[in-house]
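Throughout, read-outs are computed from the coordinates displayed, never taken from laboratory work. Everything quoted here is computed from the prediction, not taken from an experiment. Please note: Cβ atoms are built from the backbone with ideal geometry, for glycine as well, and neighbour counts cover all protein chains shown.
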Amino acid sequence: MAEALQQLILDTLDAQGTIKDTRALVLPGHQEPAASHDAQVTILGALNSLASREMITYTTHETQSHVLTPEGAQIALEGSHEARVWAALPAKGEGTPVTPAELKQKVGDEAAKVGQGRAFKNGWIAKEGNGLVKLVPSIQDKTQLDMREVDSTGTLQEGEKALADLRKRKLIVQRKGQWFTVQKGPSFSTSIAKPETDLTVEALTSGAWKTSTFKKYNFEADGIPTNGGALHPLLKVREEIRNIFLEMGFTEMPTSSFVESGFWCFDALFVPQQHPAREVQDTFYLSDPSSSLPPPKAYYERVSKVHEHGGYGSTGYRAPWSDQETRKLLLRTHTTASSAAMLYKLAARCRGEEDTDDRSGLAHDHGEVHAQASGGAGTKRSGAVSQEGDDGFRPAKLFSIDRVFRNETMDATHLAEFHQVEGVVADKDITLGDLIGFMKVFFNKLGMENLRFKPAYNPYTEPSMEIFAFHPLLKKWVEIGNSGMFRPEMLEPMGFPKDVRVLGWGLGLERPTMIRYGITNIRTLVGHKVSIEGVEKSPAVRF
Ligand code: PHE
């Protein structure tokens, strides 16, 4: 039907140029023009389908039309009450008149009651004795004819007064109607090609796409409802660790610079320029742009001097210094690169400079950080509450959790990028004991009560310690992090006074997350093999 109707519309347009009034169309399988409300609804469906392919355009006209009530529909079928009353009676003088009681039995209460009055008024029936008889041999049932006319045309030729009368009798009701005028569209044709919905490989290779008609996008269509969002397990653990740092009074460092220079990632940290970590097997270097802007000049000179010739009580590396090495751009291999930049900033006032960069989060937080750094973690020696003195130093407790990159061979537990968690505390005269104290509080909050420390080596810390914990879930000792007291060779060129000590520790985010969620292959946690369902179902973490 739908196809046949569309074809009819196209053929009519082809023959007549336009369709002035769709109510004049005779629908396939019908004899009468499609004047009814329902017919116009069907036509509208066909018009929309053709218009979406730009085969036609159409304009809508509104009308007031009428439809039958259930009672009206019954009359259209069986005749009016008065006609049925008339039909139930014998002709005058040809039989026994029908009594009102008998009439009720024949046509029903309702028709007998309403129909009698109208039949009398029309002069169709008359009283005879106690009963009723036909007065005329034949009648024209106008109500039934009206019902049929309204049913097929939605109106009456007779006009509004007659319609109003039928409305009052509750045989018809008004309804907004529509009809249409139709014109040829830009893609008019009399043959309906089913529009393509997909651009297929076949259509592309055969070139068929050039001549195909495509179904238009329906931007109004409702999309498939999405489930609510869910945090990735790594982000859940990240959030929990972040809260632990915040509880301990630490301030989050800005760590958005994934690309760093060799200067901040290594040189500033007193990592020798010949250190294996700097080689391309371990570090991703950028080819474009190939070098960084110059670091702050005076600081750069102090750093290069301590590397090449020593100073601050150090003999230095006594190896040739390369400016090119320092200017190389790379993907940071640890977040300690960001910590170094933050510490340099923290030392600004010690160098007699104004710290003007608001992004650091330091400038307005100093008072608070100071108070918390002095007592927050409960590890500071009594009496060592430092105040900002003439040297401009203010203590700080800083942390970061962000991404780092290493050019590693990838396996079940290693990827070329991962997240580091890092805590840094700067204050006067703090010691290795403070470092151990901070880490105990921190790792206890992560659910690791039992810690062991093993001497280790980092170019930028001395002493350095690896941290081991008896893991409650794995039930064995595992290495959980790395830590140390930053070297004077790193801190003093920044401008910190000699009595300022900075401690720090770092750990990966992936490993605790994998242990938490019982994940053995990192690829099920990170990358394109991660199951969305798994992400949605993984529970929140509380250590
Ligand atoms: N940067 C070290 C690492 O990558 C972690 C660390 C941070 C060590 C701070 C000492 C001090 O493993």
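Please state the shape class of region 236-537: rounded when a/c is under 1.5, otherwise prolate if a/b exceeds b/c and oblate if not, all from the C-alpha gyration tensor. Taking the square roots of the gyration eigenvalues as a ≥ b ≥ c, region 236-537 is oblate.
For region 218-352, what's the relative contact order in percent, using C-alpha pairs closer than 8 Å and at least 6 residues apart?
Reported relative contact order: 33 percent.
When peptides 85-93, 199-207, 525-533 are sorted by average Cβ neighbour count within 10 Å, with the highest value leading, the order is 85-93, 525-533, 199-207.
Approximating the spin labels as points 7 Å out from Cα along Cα→Cβ, the Leu293-to-Ser531 distance works out to 4.8 nm.
Give the relative contact order (percent, whole number) for the chain; include only Cα pairs under 8 Å separated by 6+ residues.
Working: 877 pairs, mean separation 70.3, N = 543.
With pairs under 8 Å counted, the relative contact order is 13 percent.
Measuring nothing but alpha carbons in region 92-140 and taking Rh as the Kirkwood radius, the Rg to Rh ratio lands at 0.94. In the chain, taking the dipole from charged Cβ atoms about the Cα centre, the farthest positive-side position among Phe418, Gly229, Leu89 is held by Leu89.
Annotation for Lys445 and Glu202: the two label points, set 7 Å from Cα along the Cα-Cβ direction, are 6.3 nm apart.
For region 277-319 versus region 405-456, the inter-centroid distance based on Cα atoms is 25 Å. With viscosity 0.692 mPa s and temperature 37 °C, the Kirkwood radius over alpha carbon pairs of the chain converts through Stokes-Einstein to a diffusion coefficient of 101 µm²/s. Summary of the geometry: region 1-39 and region 488-540, compared by the centres of their Cα atoms, lie 71 Å apart.
Which of the peptides 105-118, 236-249 is most tightly packed, and how do the rest follow, going by the mean number of other Cβ atoms within 10 Å of each residue?
Highest-to-lowest ranking by the protection proxy: 236-249, 105-118.
In region 1-95, one over the average inverse separation of all distinct C-alpha pairs is 16.4 Å, which is the Kirkwood hydrodynamic radius.
On a 30 Å Cα-Cα criterion, which of the cross-link pairs Lys104/Lys176; Lys397/Lys454; Lys440/Lys537; Lys134/Lys176; Lys92/Lys142; Lys305/Lys454 come out too long? Present the calculation step by step, with values, prior to reporting the outcome.
Working: Lys104/Lys176 38 Å; Lys397/Lys454 24 Å; Lys440/Lys537 32 Å; Lys134/Lys176 41 Å; Lys92/Lys142 23 Å; Lys305/Lys454 32 Å.
From Lys104/Lys176; Lys397/Lys454; Lys440/Lys537; Lys134/Lys176; Lys92/Lys142; Lys305/Lys454, over 30 Å: Lys104/Lys176; Lys440/Lys537; Lys134/Lys176; Lys305/Lys454.
Rounded if a/c is under 1.5, else prolate if a/b is larger than b/c, else oblate: which is region 233-290, with a ≥ b ≥ c the root eigenvalues of its Cα gyration tensor? In terms of gyration-tensor shape, prolate.
Determine the relative contact order of region 92-140: mean sequence separation of Cα pairs under 8 Å and six or more apart, normalised by residue count, in whole percent.
Numbers: 39 pairs, mean separation 20.3, N = 49.
Reported relative contact order: 41 percent.
Ranked from highest to lowest mean number of other Cβ atoms within 10 Å per residue, what is the order of the peptides 215-226, 443-454? Can you show the working numbers first?
Numbers: 215-226: 6.8, 443-454: 15.3.
Per-residue mean Cβ counts within 10 Å order the peptides as 443-454, 215-226.
How much net charge surrounds Met147 when only other residues with a Cβ under 11 Å from its Cβ are counted (Lys, Arg +1; Asp, Glu -1)? Before the final figure, lay out the partial values.
Numbers: positive: Lys142, Arg148, Arg169; negative: Glu71, Glu78, Asp141, Asp146, Glu149, Asp151.
It works out to a net charge of -3.
Put the Cα centre of region 196-239 next to the Cα centre of region 85-149 and the gap is 69 Å.
What is the magnitude of the charge dipole of the chain about its Cα centre, with +1 placed on the Cβ of each Lys and Arg, -1 on the Cβ of each Asp and Glu, and no other charges, expressed in debye to the nearest 20? Before the final figure, lay out each step's value.
Working: 63 positive and 69 negative charges, 253 e Å.
Approximately 1220 debye in magnitude.
Kindly provide the helix-only [θ] at 222 nm of the chain, computed as the sum of -39,500 (n - 2.57) over DSSP H runs of four or more divided by all residues, to the nearest 500 deg cm²/dmol? Working shown, then result.
Working: 19 runs with 187 residues, N = 543.
It comes out at -10000 deg cm²/dmol, rounded to the nearest 500.
How do Tyr344, Tyr517 line up, fewest other C-beta atoms within 10 Å first? Intermediate results must be reported in sequence, preceding the final value.
Working: Tyr344 21, Tyr517 17.
Ranked by crowding around the Cβ, least crowded first: Tyr517, Tyr344.
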